[in-house]
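The values are calculated or read from the model by the stated rules, or taken from the named source; none is laboratory data. The model shown is predicted, which means the values in this text are computed figures rather than measured ones. Here Cβ is always computed from backbone atoms with ideal geometry, including for glycine, and neighbour counts include all displayed protein chains.
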Amino acid sequence: MGKVVVVGSINVDMVFTSDIRPKAGETVLGNTFSLIPGGKGANQAVAAAKLGAESVMVGCVGLDSNGDFAVDSLKAVNVNTECVDVVHNVPTGVANIIVAENDNSIIVIPGANYKVDIDLVRRYKEVVLSADIVLLQLEIPLETVEYILDLCSENNVKVLLNPAPAVELSKSMIEKASYITPNEHELKIILGKDSTEEEMKKYPNKLIVTLGSKGVKYFDGTDIKLIPSYKAEVVDTTGAGDTFCGALAAALVRGDGLEDAIRFANRAAAYSVTKLGAQSGMPTLDQLEK
Ligand code: ATP
Ligand code: RIB
């Protein structure tokens, strides 16, 4: 069993479903409200754990009931939370998610996630460096992400960077990551370019671009390959990207080649969109096999 260490965000998602997405200035009556554990980091740690990897979460929550809820949900699926700090005077991160008209819109308030600083990573350095793959996203301070990329590249530890929410990445960050998993929209932002195919060719087997229901494309050194997605009855796509990343990491650390790992991650992500909420729909290995 390979080891995945996630350094990233932990949120509680407040999920509203509605037939209509309210326009600016408008009030609409919705259908359901749910509190669901989320945060891109926690979601990816859960996906990896449910799919058989040893999964460790490094992050921060506030001293509040949301923090307890989020940490308990990680423990419930065997994510190791010994490196999740409880910080005072800052609330646990939250996300307001509207699921309407077959899509979602999300506002994230980072709260305690912005306490995931370089000092915290230094304290948990041995854990981070014990990983077969470190998983990163961009819901913690960018300087922390840069520090971890430096640390891991100096110590030959692989990093899978999910650049969401997207910002333009420096050349050095792109070089130091082993895998980068933007969606199509994020790809343009991280590269700072509108046309991306030639850029993709500069990073063979590294830039793995998710295309929603169309699947995934990446440059394998010879061609730009399209690995199609699986058919799914979509309820909510929130966390599809996170399921993809957690599953990709779980497959890579157990020794799958990149193409097989992408196929496996596509299968897990298709499964996840059939249920409401980021973590609620993530499959176990048994569920995927059935
Ligand atoms: P999100 O931000 O909603 O978590 P994302 O924008 O980061 O997702 P997407 O490209 O939408 O990422 O989806 C990630 C992966 O999830 C896709 O590559 C695909 O494997 C799977 N997926 C997403 N939507 C669907 C769908 N409608 N049917 C089947 N698979 C899907
Ligand atoms: O990727 C989905 C996640 O983004 C949600 O769980 C929400 O918390 C935001 O971080």
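Within the bounds of the stretch 17-29, is there any residue that is touching a strand residue (DSSP E or B) at 6+ places or on another chain (Cβ under 7 Å) and under 23 Å from Pro283 (Cα atoms)?
Within the stretch 17-29, the first condition is being touching a strand residue (DSSP E or B) at 6+ places or on another chain (Cβ under 7 Å), and the residues that meet it are 17-21, 28.
Keeping just the survivors that are under 23 Å from Pro283 (Cα atoms) gives 17.
There is at least one residue in the stretch 17-29 that is touching a strand residue (DSSP E or B) at 6+ places or on another chain (Cβ under 7 Å) and under 23 Å from Pro283 (Cα atoms).
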**Q.** One residue from Glu184, Glu143, Glu233 being under 26 Å from Val56 (Cα atoms), surrounded by fewer than 17 Cβ atoms within 10 Å (Cβ to Cβ) and of a type outside the set (A, V, I, L, M)
**A.** Glu143
**Q.** All positions within the stretch 38-49 that are within 15 Å of ligand 2 (Cβ to nearest atom) and assigned to a helix (DSSP H, G or I)
**A.** Lys40, Gly41, Ala42, Asn43, Gln44, Ala45, Val46, Ala47, Ala48
Q | Among residues of the stretch 1-17, those that are within 13 Å of Leu135 (Cα to Cα) and assigned to a strand (DSSP E or B), counted | A | 5
Q. Say we look at the stretch 50-89 and pick out the residues that are assigned to a loop (DSSP other than H, G, I, E, B) and surrounded by 21 or more Cβ atoms within 10 Å (Cβ to Cβ); which of these is farthest from ligand 1 (Cβ to nearest atom)?
A. Ala53
Q | Residue among Leu35, Leu29 that is without any contact (Cβ under 8 Å) to a residue 40 or more places away in the chain, outside any helix (DSSP H, G or I) and touching an Asp or Glu at 6+ places or on another chain (Cβ under 8 Å) | A | Leu35
(Q) For the stretch 94-123, give me each residue that is more than 18 Å from the chain's Cα centre (by Cα), surrounded by fewer than 17 Cβ atoms within 10 Å (Cβ to Cβ) and modelled with pLDDT of 95 or more. (A) Asp117, Ile118, Asp119, Arg122, Arg123
Q) What are the residue pairs meeting all of these: first residue in the stretch 263-290, first residue more than 12 Å from Val46 (Cα to Cα), second residue among the charged types (D, E, K, R) and more than 13 Å from ligand 1 (Cβ to nearest atom), Cβ atoms under 7 Å, and 6 or more apart or on different chains? A) Phe264/Asp256
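Are any residues in the stretch 53-85 polar (S, T, N, Q) and either modelled with pLDDT under 95 or more than 19 Å from the chain's Cα centre (by Cα) (or both), and if so, which ones? Show your work before the answer.
The initial filter retains those residues of the stretch 53-85 that are polar (S, T, N, Q), namely 55, 65-66, 73, 78, 80-81.
Across the stretch 53-85, the qualifying residues are Ser65, Asn66.
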Q: Go through the stretch 215-245 and count every residue that is under 20 Å from Gly8 (Cβ atoms) and touching a Leu at 6+ places or on another chain (Cβ under 7 Å).
A: 1
Q) Considering the stretch 90-122 alone, what residues qualify as being away from ligand 1 (no atom under 16 Å from the Cβ) and of a type in the set (Ser, Thr, Tyr)? A) Thr92, Tyr114
